[in-house]
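Only one structure is covered here, and it is reproduced in the block below.
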Amino acid sequence: MVTLGSLFQWHFLSFILISILLFCFLNIIISKFRLVNSGNNGPPTHPIIGCLISFYKNQTRLLDWYTELLTKSATKTIVIQRLGARRTIVTANPANVEYMLKTNFSNFPKGKPFTEILGDFLGSGIFNADGELWHTQRKLASHEFKAKSLKEFFLTTLEEEVVKGLLPVLESLAEKQEVVDLQELLRRLAFNMICKVSLGIDRCSLDPSLPAPPLATAFDMASMICARRAAAPLFVVWKIKRWLGVGSERRLKDAVERVRNYVAEIIGNRRIMLEERAENESEDLLSRLILAGHEEKVISDMVISFMIAGRDTTSAAMTWLFWLISCYPEIEKEVVKETIFRTTTKIDYDSLKTLKLLKACLYESMRLYPPVAWDSKHALVHDVLPDNTTVRPGDRVTYFPYGMGRMEQLWGKDRLQFKPDRWFLEHKRRSSLRKVCPYKFPIFQAGPRECLGKQMAFIQMKYVVASVIRQFELKPVSSDKPIFVPYLTAHMAGGLKVLVRRRAESDKHD
């Protein structure tokens, strides 16, 4: 007997087969047509299908493909037109970035096409919202990042998690001479900290011999599938799969359900706890949202957005930094020397401000490997970018930090090299860090939507890296160059396997 479900699946498979045959047929006949566009404005583009073939061939290396195209473009802007997707403008031009993120901010919201891709996972959280809803959430979130909150964060959560959690784990690994996935370890650490700040819940284990927490695994699955939605050659495919409830869309639904159930349980328990407490003071974001009387979905969406941002961005940046400095022993020695000299026996809030070389290393690492490789907006009305690129209503306009970090026009002929000294006004003295335009270096966005957690992120990264590097030497076990993978936030494919060794006293005083 044929069920309704099997009938749907049969129709879906038939659709895929017909699409493949059509694709092959078009691939044969388009050679007879002249190219519509093959200059500085984008990839080779054909009638009807646009650049679908080129896009399909490069879908596993979109970052480098876009970067190559942008390098050849006189304006550092390209236009991508392909069958099955809306017209996309990708830019590495700082003037365009400023126009999008600040000058004409109101014409470039996230837009429905973007929020639809992430809506199943992030709902209407701050990173997936526009208009009044975004304004309201940003105002609520801004409380978390005031100077007083930053210092409290440093003095409590950060110090506790690193001193009592991370360093003992590294000490044990050094004694046993065991290899560990540093990326996974740093992700667990960041996850612990954001859970403590956002949810007020106790941390999970950093012990690498234990499996990752189920919640973190569900986050990874949901993040990966949502990112693949955005990069799919034909967006209609994932929509059909979602309608049928099959394949990756089924896995996404299951992962999101696990995340939502977990957060809902925490919210319910917190409501009970707050009702039983006499005082209404609260230290974490979740308690403040509940006491402010917000609806449960608003609270859930906002907490999930904070968790994914706080967990993945800083851990990715630190992972790439540790790998980069392992490739440059002389720079590593200088960072160790600065850290020990400036922080004496203990790293405190004020001493972090003096670690200028370490901050320059973080800037340089994120220039080459930004935690968010690209970010898209969708134009509301007809517009023209500063480089004279025409924007149509509904166009996706993407600014591209990964490509911007590789533009000779912006960073010089040595743009592909890891050179922290480029961030200093005077290379030899290293007295003051150079101020770089945020639209040239938009790793924390810029304008009205600039990341509220920027300062907190630097405090966290500097503290963690300084605490680790002054005591331990982390040596990658593979000499192969890692692969940069851009999901919702970027990570290192396969992780970063390192051997942990206690730093020799001679290294500390060279």
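What number, in percent, do you get for the relative contact order of the range 409-510 if the mean sequence gap of Cα pairs under 8 Å and at least 6 apart is divided by its residue count?
16 percent
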**Request:** Please pull out the direction-averaged projected area of the chain, using the convex hull of its alpha-carbon atoms, in nm² to one decimal place.
**Result:** 27.5 nm²
**Message:** Taking each pair of distinct Cα atoms in the range 371-510 once, what is the resulting Kirkwood hydrodynamic radius in Å?
**Reply:** 18.8 Å
**Prompt:** Which order do Leu358, Leu380, Leu83 take when ranked by solvent-accessible area (1.4 Å probe, heavy atoms of all protein chains), largest first?
**Reply:** Leu380, Leu83, Leu358
**Request:** Using a 10 Å cut-off on Cβ atoms, rank the peptides 327-333, 91-97, 444-450 from the highest mean neighbour count down.
**Result:** 91-97, 444-450, 327-333
**Message:** Using a 1.4 angstrom probe on the protein heavy atoms only, could you order Val498, Val381 from most to least accessible area?
**Reply:** Val381, Val498
**Request:** Quick one: pull the percent of accessible area on the chain belonging to carbon and sulfur, 1.4 Å probe, ligands and nucleic acids left out.
**Result:** 56 percent
**Asked** the range 161-228: percent of C-alpha pairs farther apart than 16 Å?
**Response** 51 percent
**Request:** With a point put 7 Å past each Cα toward its Cβ, work out how far Lys176 is from Thr136 in nm, to one decimal.
**Result:** 4.9 nm
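Note down, for the range 391-472, the three equivalent ellipsoid semi-axes (square root of 5 times each alpha carbon gyration tensor eigenvalue), biggest first, whole angstrom.
28, 20, 13
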**Prompt:** Along its principal axes, what span do the Cα atoms of the range 201-315 show, with the longest given first and each in whole Å?
**Reply:** 55, 37, 23
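Can you give me the relative contact order of the chain as a percent, contacts being Cα pairs under 8 Å and 6 or more apart?
22 percent
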**Item:** Normalised contact order of the range 47-93, rounded percent, pairs of Cα under 8 Å and 6 or more residues apart
**Value:** 38 percent
**Complete:** Bridge orientation stat for the chain from DSSP, antiparallel percent rounded to 5, came to 85 percent
**Prompt:** Which whole-number value in Å² is the accessible area per residue of the chain, probe 1.4 Å?
**Reply:** 47 Å²
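The values are calculated or read from the model by the stated rules, or taken from the named source; none is laboratory data. This structure is a prediction, so every number in the text was calculated from the model and none was measured. All Cβ positions, even for glycine, are placed from backbone atoms using ideal geometry, and neighbour counts span all protein chains on display. The area values use the complete protein model at the heavy-atom level, side chains included, leaving out ligands, DNA and RNA. Shrake-Rupley method; radii C 1.70, N 1.55, O 1.52, S 1.80 Å.
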